[in-house]
Amino acid sequence: MASHRAWTSPGSLGVDAIWLSPFYPSPMADFGYDVADYCDVAPEYGTLADFDELLAQAHRRGIRVLVDFVPNHTSDRHPWFVASRSSREDPRRDWYVWRDPKPDGSPPNNWRSIFRAVGGAWTFDHPTGQYYLHSFLPQQPDLDWWNPEVRAAMHDVLRFWLDRGVDGFRIDVAHKMARDPELRDNPAELAQGDVAGIQRRDEDWPEVHVILREFRRLLDAYGDRMAVGEVGIYDPERLVRYFGEAQDELQLAFNFAFLVQPWRAVAFRKSVDRYEQLLPAGAWPTYTLSNHDNPRARSRYADGDDAGAVRRARVAAMLLLTLRGTPFLYYGEEIGQADGEVPADRVVDRDGRDPERTPMQWDAGPGAGFTSGDPWLPIGSEARAVNVAAQRDDPRSMLSLYRRLTWFRRRSVALREGSYRPVGRAPGVFAYLREAGTERLLVALNFGHAPAELRGGDHGLPRSGTLEISTDPDRGAGSVPLSSLELGPDEGVVIRL
Ligand code: GLC
């Protein structure tokens with residue numbers, strides 16, 4: 001087994017790749033997701049030369065870099081939209097989705113913005129007398145992907161970054177690009193949200209798979225490059241279609257199922273089992289606990305009990321890093337950072353996502369080691385206590401647990417590539433085997449606040465195994481009986497069989 005030293009050497013989180021959210025010039029109406037120039041770096045972040053340097057430095061360390069590709073919409077300040085808006089006759093007019101009002105002056109259909117605070121997805125443009133479509137803010141007009149000129153221009157954007165050497169893309173709202181070309185109303189049943197079996201007309205239209213196959217061909221022409229799609233679809237049957245019938249669309253698609261599960265073993269087990277069953281042969285799973293649009297584990301599982309939330313966040317980390325598939329970690333999770341408190345006069349996001357976007361907490365100094373300037377969101381109030389510097393050399397810390405898990409995973413072929421098989425249904429416990437060749441690991445996670453027991457004998461497990469990692473820093477290493485495996489409250493373990 002690896003020495004403990006490797007786990008605690010500074011900076012050794014074992015990251016394989018980083019995904020950068022948009023850093024392009026933007027009026028920041030949606031914090032970079034309103035792009036005004038796809039092929040440059042916003043001056044507040046630096047220059048293209050800085051980007052090249054970042055890429056070179058990451059590659060030197062064996063870290064791949066994905067950039068965020070935002071194809072569904074541009075900023076309303078993007079020169080394409082400025083031209084499109086200028087007149088009905090402009091050659092760029094039909095790069096976006098413009099329609100006449102209904103005879104009574106109302107919007108062309110009943111589509112809604114994804115941001116509830118925005119309401120309808122259409123904004124009327126007085127000078128040209130038509131509405132334009134925006135699936136998000138009015139400052140984010142939707143491109144019309146039925147238009148071949150749009151496709152060609154966006155392929156050029158992909159080539160621009162691929163030629164600079166990026167390893168791939170995170171594709172923003174990858175399911176949204178294609179919609180009903182006739183712009184018919186969404187069925188009334190969908191007013192409160194998705195209903196299984198009822199096709200929405202404002203997203204996930206079959207043509208999206210054609211668009212993604214075109215992206216894939218472009219990526220494949222460059223060799224070892226990839227895309228992970230933000231497919232905001234919670235129905236796993238529809239989600240898995242984004243790999244493509246011939247595995248010729250997205251290499252990875254975010255699986256957001258964990259973001260909406262209640263903290264119950266049975267909910268997580270069912271979610272994993274169903275996804276595993278539906279994944280087409282050769283498709284690779286992904287899991288994530290949080291991102292810039294969703295609360296972090298410690299905040300999501302808080303339930304008014306912070307000490308318990310920290311323990312649950314440790315179990316969640318073990319879950320994420322021991323399942324079959326690519327884990328995506330949001331910054332701050334590795335130190336158990338809670339979402340920040342953002343006072344009313346500092347709120348900037350219209351969709352309530354400021355708390356999960358407060359700066360990374362590196363140290364206890366001013367600016368939390370993140371900045372010497374004035375960040376656009378306040379530093380989390382507990383940054384003096386919860387930060388990388390405070391946790392780096394503490395073997396009990398969340399950071400040490402993350403390191404142990406990431407390094408263990410890097411060295412374990414069973415965790416990296418092995419099969420997944422759920423084990424038993426002990427109340428409150430989610431347990432599974434990960435196996436490859438001669439390596440067999442049992443992962444058992446107690447989602448409850450009371451001690452729990454897994455009776456291994458009932459499931460054909462050997463009489464004992466060796467504890468590799470526990471989320472409980474006080475649990476001693478060594479041999480553990482599996483005929484009756486005792487788990488502490490909110491404890492997860494990895495056991496070698
Ligand atoms: C995605 C991004 C989100 C953004 C939206 C519009 O969901 O993750 O942050 O607001 O797309 O681009």
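Figures for the structure shown
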| item | result |
| --- | --- |
| Gyration tensor over alpha-carbon atoms, the stretch 201-313, equivalent ellipsoid semi-axes in Å | 31, 15, 13 |
| Using alpha-carbon coordinates, inclination of helix 48-60 to the longest axis of the chain, degrees | 30 degrees |
| Fraction of the pair-distance distribution of the stretch 419-496 above 15 Å, Cα-Cα pairs, percent | 50 percent |
| In order through the stretch 14-25: 3J(HN,Hα) via Karplus (6.51 cos²θ - 1.76 cosθ + 1.60), integer Hz, x for Gly, Pro | x, 6, 8, 7, 10, 10, 9, 6, x, 10, 7, x |
| Within the accessible area of the stretch 79-133 (1.4 Å probe), percent carbon and sulfur | 53 percent |
| For Thr123, net neighbour charge (Lys/Arg +1, Asp/Glu -1) across residues whose Cβ lies under 12 Å away | -1 |
| FRET efficiency for Arg455 and Asp393, using Cβ-Cβ distance with R0 set to 45 Å, rounded to 0.05 | 0.70 |
| Share, in percent, of DSSP beta bridges within the chain that are antiparallel, nearest 5 | 70 percent |
| Degrees separating the helix 306-322 axis from the principal Cα axis of the chain, which is the longest one | 80 degrees |
| Kirkwood estimate for the stretch 328-416, i.e. one over the average of 1/r between Cα atoms, Å | 14.3 Å |
| Relative contact order for the stretch 159-239, counting Cα pairs under 8 Å that sit 6 or more residues apart, in percent | 45 percent |
| Taking N as its residue count, the alpha carbon Rg of the chain over 2.2 N^0.38 Å | 1.03 |
| Alpha-carbon Rg/Rh ratio, for the stretch 79-133, with Rh computed the Kirkwood way | 0.99 |
| FRET E, pair Thr438, Arg88, Förster distance 51 Å, beta-carbon r, rounded to 0.05 | 0.15 |
| Heavy-atom accessible area per residue - the stretch 1-142, 1.4 Å, Å² | 47 Å² |
| Full-extension gain in nm, Ser464 to Leu183, via 0.36 nm per residue minus C-alpha separation | 95.0 nm |
| 3J(HN,Hα) from dihedral phi, the stretch 82-91, Karplus parametrisation 6.51/-1.76/1.60, rounded to Hz, x for glycine, proline | 4, 5, 4, 6, 5, 6, 5, 8, 4, x |
| Relative contact order of the stretch 419-496, defined on C-alpha pairs under 8 angstrom at six or more residues apart (%) | 32 percent |
| Spin-label pair Asp305/Ala281, simplified geometry with 7 Å Cα→Cβ offset, distance in nm | 4.6 nm |
| Listed residues Ile198, Ile171 arranged by accessible area, highest first, probe 1.4 Å | Ile198, Ile171 |
| Sequence of Trp80, Trp407, Trp146 from largest to smallest accessible area, 1.4 Å probe | Trp146, Trp407, Trp80 |
| Computed E for Asp163/Asp351 - FRET, C-beta separation, R0 30 angstrom, nearest 0.05 | 0.35 |
| Net lengthening on full extension, Ala364/Leu48 (0.36 nm per residue, minus Cα-Cα) | 110.6 nm |
| Helix 207-221 vs. the chain, principal-axis angle (Cα, 0 to 90°, nearest 10) | 70 degrees |
| Dimensionless Rg ratio for the stretch 178-232, taking C-alpha atoms and the 2.2 N^0.38 Å reference | 1.47 |
| Sequence-distant residues sharing a close amide H with Ile469 (under 5 Å, placed H) | Val494 |
| Mean separation of Cα contacts under 8 Å (6+ apart) over length of the chain, as relative contact order % | 10 percent |
| Net charge of neighbours whose Cβ lies under 9 Å from the Cβ of Leu289, counting Lys and Arg as +1 and Asp and Glu as -1 | +1 |
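The values are calculated or read from the model by the stated rules, or taken from the named source; none is laboratory data. These figures come from a predicted structure and were not determined experimentally. Positions of Cβ are generated from backbone atoms using ideal geometry, with glycine treated the same way; all protein chains shown enter the neighbour counts. Accessible surface is based on the protein model in full, side chains and every heavy atom, while ligands, DNA and RNA are left aside. Shrake-Rupley method; radii C 1.70, N 1.55, O 1.52, S 1.80 Å.
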